[in-house]
Amino acid sequence: GISHFYQLILPPLFPVIKDELSISYTALGFAVSLLYVVSGICQTAAGFLVDRFGAHRVLVAGLALCGVGAILAGLAPSYPMLLVAVVIAALGNSVFHPADFAILNGSVSAGRIGRAYSMHGLLGNLGWVAAPATIFPLSLMLGWRGALMAVGLIGILAAIIIATQYQILRDDRSAARAGHGG
């Protein structure tokens, strides 16, 4: 859900970002496209990182990068800096599917894996729903910059919480070491 949440935090803010940074909707659309392209291209590399360092560590890093990217987007004084923030968030976003699937396969029993994947998909969709419903009211209270920084803190907090859950969030490698059949 957090991955999909971060994918839709910018579009509800387009009208105010457009005016403040004096850019077009096309430029803002490019920023969101850049997020998806970089994230998609980097998923393969993220899979190699999951295999090398473990899904848990990579997931924590991805959450932190998404949070940092959102915070930097809120601090961006110009369009080029907004694009840098988007790329940082995209690098964080790229780890979710390789890490999530490794953790699901290593942490969930075979008899429940179908339900686990269904919940994974449902929560992803709910993340897309939650983003505009969260960022827009926050922007009314805190301004668009404050709203992005606030949701960035969610990613940092999530990374800290997930970092403490290494015993239950096993990937295929840790499950095999522990004798867990998956």
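The values are calculated or read from the model by the stated rules, or taken from the named source; none is laboratory data. None of these values were measured; they are calculated from a predicted model. Methodologically, a virtual Cβ is constructed for each residue, glycine included, from the backbone with ideal geometry; neighbour enumeration extends over all protein chains shown. Protein only, heavy atoms only, side chains kept; ligands, DNA and RNA dropped before computing areas. Shrake-Rupley method; radii C 1.70, N 1.55, O 1.52, S 1.80 Å.
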_With every protein chain in place, the chain: carbon and sulfur % of accessible area (1.4 Å)_ = 71 percent
*May I ask for the angle, rounded to the nearest 10°, between helix 96-107 and the longest principal axis of the chain, with both axes built from Cα atoms and the value confined to 0 to 90°?*
20 degrees
*Would you mind getting the accessible area per residue of the chain, heavy atoms of the protein chains only, 1.4 Å probe, in Å²?*
50 Å²
*In terms of solvent-accessible area of protein heavy atoms at a 1.4 angstrom probe, what is the ranking of Ile41, Ile156, highest value first?*
Ile41, Ile156
*When only the heavy atoms of the protein chains count and the probe is 1.4 Å, how do Thr134, Thr26, Thr164 rank by accessible area, highest first?*
Thr26, Thr164, Thr134
*Spin-label point model (7 Å from Cα, Cβ direction): what's the Ser33 to Tyr166 distance in nm?*
4.2 nm
*asked:* Give me the three principal axis extents of the chain from the C-alpha atoms, as integers in angstrom, largest value leading.
replied: 57, 28, 25
*What's the angle, to the nearest 10 degrees (0 to 90), between helix 55-75's Cα axis and the longest principal axis of the chain?*
10 degrees
*Please list the non-local residues whose amide H lies under 5 Å from the amide H of Ala76, H modeled 1.01 Å from N, same-chain partners needing a gap of 5 or more.*
none
